[in-house]
Amino acid sequence: MNIKFEEREELKEKIKDVNNLGFGQYFTDYMFLMNYDEDTGWHDARIVPYDNISLPPSAMCLHYGQTIFEGLKAYRNGDKVFLFRPDENFKRMNRSNDRLCIPPIDEEFMVEALKKLIDLERDWIPDSKEASLYIRPFVIAIDPKLGVHPSGSYLLMIILSPSGPYYKDGLAPIKIYVEDKYVRTVKGGLGTAKAGGNYAASLKSQVEAEEKGFSQVLWIDGVNRKYIEEVGSMNIFFVTEDEIMTPELSGSILPGITRKSIIELLKSEGKKVVERRISIEEILTLHKEGKLLEIFGTGTAAVISPVGELFYEGTEIIVNNGEIGEISNYLYNELTDIQWGRKKGPEGWQVEV
Ligand code: COI
C-alpha cells in the first residue's frame with residue numbers, strides 16, 4: 001500500500017539501522033510491471049509507484065498456483081551499486097516459466113528493465129556489509145477463469161525490499177531438522193522450478209521443525225527417502241577432508257545461482273568439488289568417523305549459511321562444534337567481496353548499475 005511521503009521518509013531513516021530491517025518486510029517506492037496477453041505478447045512494461053494491485057477473485061493464480069518467482073540482490077559499495085549475475089536469474093525464470101506453461105520473457109530486456117528500476121531506487125539500497133536490496137521478480141496468471149488450463153494472460157512484477165540477513169542470527173550456524181515425514185517434491189514435479197507451490201508444500205514441515213527448535217528443514221528424496229536434496233531456502237554442501245560435495249541436480253532440486261557460483265569459485269581455486277547422490281546414512285557415517293568437517297548452505301537470501309547441527313531420526317550431528325568452519329567463512333568473505341564489488345569477480349558476475 002502507498003504510504004504518505006512523510007511516513008516513507010521516516011521509514012527510510014528507521015531502516016538506515018540495519019537491525020531494524022529484517023528480511024522482506026519493507027518495500028521501496030516503485031515497482032516494475034509488464035503484462036502478457038495472447039494477442040500482444042509481453043507488453044506495457046512500466047515502472048509505477050508501489051501499490052496494491054487489483055485482481056478478479058477468479059484470477060487463475062489464486063486457484064491453481066500458476067506463479068513463479070526469482071530472488072536476487074543489489075549491493076551498495078559507496079556510490080557504486082552492483083547486481084550479481086542477474087542474467088542467470090532471468091534464464092532460470094524462463095526455465096520456471098516453461099515448466100509452468102508461462103510464456104518466455106526476453107532475458108536481456110529484463111536485465112535492462114531491472115537496472116532502470118534499481119537506478120531509480122538507489123537511495124533504498126542499504127549502505128552496509130550485512131544488508132542489501134532484495135529483488136523479487138515474479139509472474140502470476142491472471143485469466144479470470146476456473147478451468148484448469150494455462151492462463152492466456154499474465155502479470156510480471158518486480159518489487160524491491162531493503163533487507164538484512166535471512167536468518168536472524170546472521171552468520172551463526174543454524175540447526176536443521178532432516179525431514180522424515182513430509183516430501184517437498186519428486187523428480188518430474190515442480191522441484192527444479194522456482195514455483196510458489198514448492199514453498200507452500202514446505203510450510204507444514206517448516207512450522208513443525210521450528211516448534212522443535214530448528215530453523216530449517218533438510219529435504220530428503222521423496223522416492224527412496226534417503227538421498228539429500230536441499231534445505232528450505234538454500235542448497236547444501238558438505239566438507240570432508242578430501243572433497244566438498246553437494247547433491248547433484250537430480251531433477252527435483254532447485255538449481256541455485258549461489259550454488260553454481262560457489263562450485264565455480266571452488267573449482268577455479270583447484271578444490272575438488274563433486275556433485276553426486278549423497279545419502280543421509282553416508283553423512284551419519286562420515287560424522288561418526290570424524291570425517292565430516294563442515295556443512296553449509298548457499299542461497300541468494302541465505303548467502304553462505306553455516307550449519308551447526310543436523311537432527312535425523314533421533315540422532316544429533318553436531319558439526320565443527322557448532323561453530324562456523326574455515327571453508328564456510330572463507331566462502332562467505334569471498335562471495336560477499338565479489339557481490340559488493342570489493343574484489344573483482346569472474347567475467348559477467350558483477351553488473352554495475
Ligand atoms: C532466495 O534465496 O532468493 C529465495 O528465493 C529463498 C527464499 C527467500 C524463498
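The values are calculated or read from the model by the stated rules, or taken from the named source; none is laboratory data. Keep in mind it's a predicted model, so treat the numbers as computed, not measured. Note: ideal-geometry Cβ built from the backbone for every residue, glycine included; neighbour counts use all protein chains shown. The area values use the complete protein model at the heavy-atom level, side chains included, leaving out ligands, DNA and RNA. Shrake-Rupley method; radii C 1.70, N 1.55, O 1.52, S 1.80 Å.
Are there strands (runs of 3 or more DSSP E) fully within region 106-184 with at least 3 residues that are polar (S, T, N, Q)? List them.
Because the criterion is at least 3 residues that are polar (S, T, N, Q), the strands (runs of 3 or more DSSP E) in region 106-184 that meet it are 153-163.
List the residue pairs whose Cβ atoms are under 6 Å apart, where the first residue sits in region 106-121 and is within 14 Å of VAL81 (Cβ to Cβ), the second is polar (S, T, N, Q), and the two are 6 or more positions apart or on different chains.
GLU121/THR28
Which residues, counting only those in region 71-97, are farther than 23 Å from GLY164 by Cβ, surrounded by fewer than 18 Cβ atoms within 10 Å (Cβ to Cβ) and small (Gly, Ala, Ser)?
none
Under 7 Å by Cβ, and 6 or more places apart or on different chains, what pairs join a residue from region 160-173 that is modelled with pLDDT under 85 with one that is of a type outside the set (A, V, I, L, M, F, W, C) and surrounded by 20 or more Cβ atoms within 10 Å (Cβ to Cβ)?
As it stands, the answer is TYR167/SER215; TYR167/SER305; LEU171/PRO306, since those pairs meet every condition given.
For residues that are open to solvent by 10 Å² or more (accessible area, probe 1.4 Å), within 15 Å of the ligand (Cβ to nearest atom) and in contact with a Phe, Trp or Tyr (Cβ under 8 Å, 6 or more places away or on another chain), tally how many sit in region 204-215.
Qualifying residue count for the region: 1.
Which residues, taken from region 274-317, are crowded, with 16+ Cβ neighbours inside 10 Å and β-branched (Val, Ile, Thr)?
ILE278, ILE280, ILE283, ILE295, THR298, THR300, VAL303, ILE304, VAL307, ILE317
When you check ASP51 against the structure, is it out of contact with any Leu (no Cβ under 7 Å at 6 or more places or on another chain), of a type in the set (Asp, Glu), assigned to a loop (DSSP other than H, G, I, E, B) and away from the ligand (no atom under 16 Å from the Cβ), yes or no?
yes
Would you call LEU133 surrounded by fewer than 22 Cβ atoms within 10 Å (Cβ to Cβ), in contact with a helix residue (DSSP H, G or I) (Cβ under 8 Å, 6 or more places away or on another chain) and in contact (Cβ under 8 Å) with a residue 60 or more places away in the chain?
no
Scanning region 306-323 for residues that are small (Gly, Ala, Ser) and touching a residue at least 40 places away in the same chain (Cβ under 8 Å), which turns out nearest to PHE237 (Cα to Cα)?
Within region 306-323, the match that is nearest to PHE237 (Cα to Cα) is GLY308.
Could you list, in sequence order, the residues of region 114-127 that are surrounded by fewer than 17 Cβ atoms within 10 Å (Cβ to Cβ) and touching a strand residue (DSSP E or B) at 6+ places or on another chain (Cβ under 9 Å)?
Hits for region 114-127 are LYS116, ASP119, LEU120, ARG122, ASP127.
Select from region 214-259 the residues that are part of a strand (DSSP E or B), free of Cβ contacts under 8 Å to residues at least 60 places away in the same chain, over 22 Å from TYR166 (Cα atoms) and over 19 Å from the mean Cα position of the chain (by Cα) and list them in ascending order.
The answer is TYR227, THR240, MET245.
Could you grab me the full set of residues in region 260-273 that are away from the ligand (no atom under 16 Å from the Cβ), part of a helix (DSSP H, G or I) and open to solvent by 40 Å² or more (accessible area, probe 1.4 Å)?
GLU264, LYS267, SER268
Output the residue which, of all residues in region 1-43 that are of a type in the set (S, T, N, Q) and closer than 22 Å to LYS115 by Cβ, is farthest from the chain's Cα centre (by Cα).
ASN35
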